[in-house]
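Only one structure is covered here, and it is reproduced in the block below.
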Amino acid sequence: MPELPEVEAARALIEARALHREIAAVDDRDSYVCRPHGPGELADALCGRTLTAACRIGKSMWCETDGGDGPSLGLHLGMAGRIIVDDHYAGDPVGDGPTSGYSGAAGHPDPGFATNPQWARFTLGFADGGELLLFDKRRLGRAVLDPRLDALGPDALEVGKAELAARVGSGAAPLKARIMDQSVIAGVGNLLADETLWQASLSPVRPAGELDAEELARLWTVMRRTTRAAIKRGGVHTGELIPHRRRGGTCPRCAADLVRATVGGRTTWWCPVEQT
DNA sequence: AGCATTGTTTCACA
DNA sequence: TTGTGAAACAATGC
């Protein structure tokens, strides 16, 4: 669920509300979410420290502690994670599969989230009484010390035009698989990929190495625009194509029937007329 | 009951 | 060795 825009919202929430507060207690008992750490390991490393920076590359987020003198705390939202700081939340706005409608206008998009405390998979308790929760219905999120970031490509909003062309424009894999490969470009997930390729009128099944310079330049421009728009509007669900990714869905521009197939291991929807 | 799901990792294979 | 694709992972909803 959470892709770059949701993770950026979570990062900004931590930055705004969780920094410089003393960590007094840590609940790291979920051994799957906290793998490979054993129970108490994160608690021992973090208690008494403060978060001093919230950082992000793609969908990976981490917090520095004690101005960089302490261990960093990696937080990954996985497929359904969100961050809650005191009474404020950010991250996955839906929490369920794509069949759940996004209702995130006024009010809370998911009134049920606060009533299911068993979905708090990792908690930092602050000395002032507040707390930071990694809230994850699916349990595929992660909390880990000193996360490895070296396998990530450049962030989708930071990558330069020439660099994107060089990294994406090669290989025999489908274009969609290429832009979802986090070692090529970091931050694009399944929905953002479908939205971006539809906005750019590029077919997800084209071999990435076949794109010409103009198409790669267009991809760079459109990817940045769609990603920034998703951040501003509150998540990847706000994309123009997204509501049409369903049985019987049609292209919002030309009304052609959308095509559904598995590309890059994920369900993919696209317009066979416009996306070439 | 069986299938689907917005992410990541691991494994098999060419 | 590298690139590619499928399966597994956990949990839930239709």
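What follows draws every value from the coordinates through simple rules; no lab data is involved. Everything numeric in this text was worked out from a predicted model, so none of it was measured. Backbone-built Cβ (ideal geometry, glycine too); neighbour counts: all protein chains shown.
Stretching the chain fully between A:T262 and A:A217 yields a gain of 13.6 nm (0.36 nm per residue, less the alpha carbon separation). Where does helix A:190-199 land angle-wise versus the long Cα axis of chain A, in degrees 0 to 90, nearest 10? Roughly 40 degrees between the two axes.
Residue-wise HN-Hα couplings along the stretch A:255-267, as the Karplus relation 6.51 cos²θ - 1.76 cosθ + 1.60 with θ = phi - 60° gives them from phi, are 6, 5, 5, 6, 9, 10, 7, 8, 10, x, x, 10, 4 Hz; Gly and Pro carry x. Can you check what the net charge comes to around A:A173, using other residues whose Cβ is under 15 Å from the Cβ of A:A173 (Lys, Arg +1; Asp, Glu -1)? Around A:A173, the surrounding residues sum to +3.
The length gained on full extension between A:A127 and A:L149, counted as 0.36 nm times the residue separation minus their Cα-Cα distance, comes to 4.9 nm. Taking the Cα centre of the stretch A:177-268 as origin and assigning +1 to Lys and Arg Cβ atoms and -1 to Asp and Glu Cβ atoms, the resulting dipole is close to 420 debye. The residues packed around A:D66, meaning those with a beta-carbon under 11 Å from its beta-carbon, carry a net charge of -2 if Lys and Arg are +1 and Asp and Glu are -1.
Normalised by 2.2 N^0.38 Å, with N the number of residues, the alpha-carbon radius of gyration of the stretch A:197-273 equals 1.12. Only Lys, Arg, Asp and Glu carry charge here, each on its Cβ (+1 for the first two, -1 for the last two); on that basis chain A has a dipole of about 960 debye about its Cα centre.
Treating r as the C-beta distance of A:E240 and A:H20 and R0 as 35 Å, the FRET efficiency rounds to 0.35. When the Cα positions of A:L46, A:Q275, A:G125 are compared along the charge dipole of chain A, A:Q275 comes out farthest toward the positive end, with charges on each C-beta of Lys, Arg, Asp and Glu.
Max-minus-min Cα coordinates of chain A on each principal axis give 58, 38, 28 Å, with the largest extent listed first.
In summary, the lysines within cross-link reach of A:K161, defined as a Cα separation below 27 angstrom excluding same-chain residues under 8 places away, comprise A:K59, A:K176, A:K232. Calculated mean residue ellipticity at 222 nm for chain A: -7000 deg cm²/dmol, from DSSP H runs with n ≥ 4 weighted as -39500 (n - 2.57), summed, divided by the residue count and rounded to 500.
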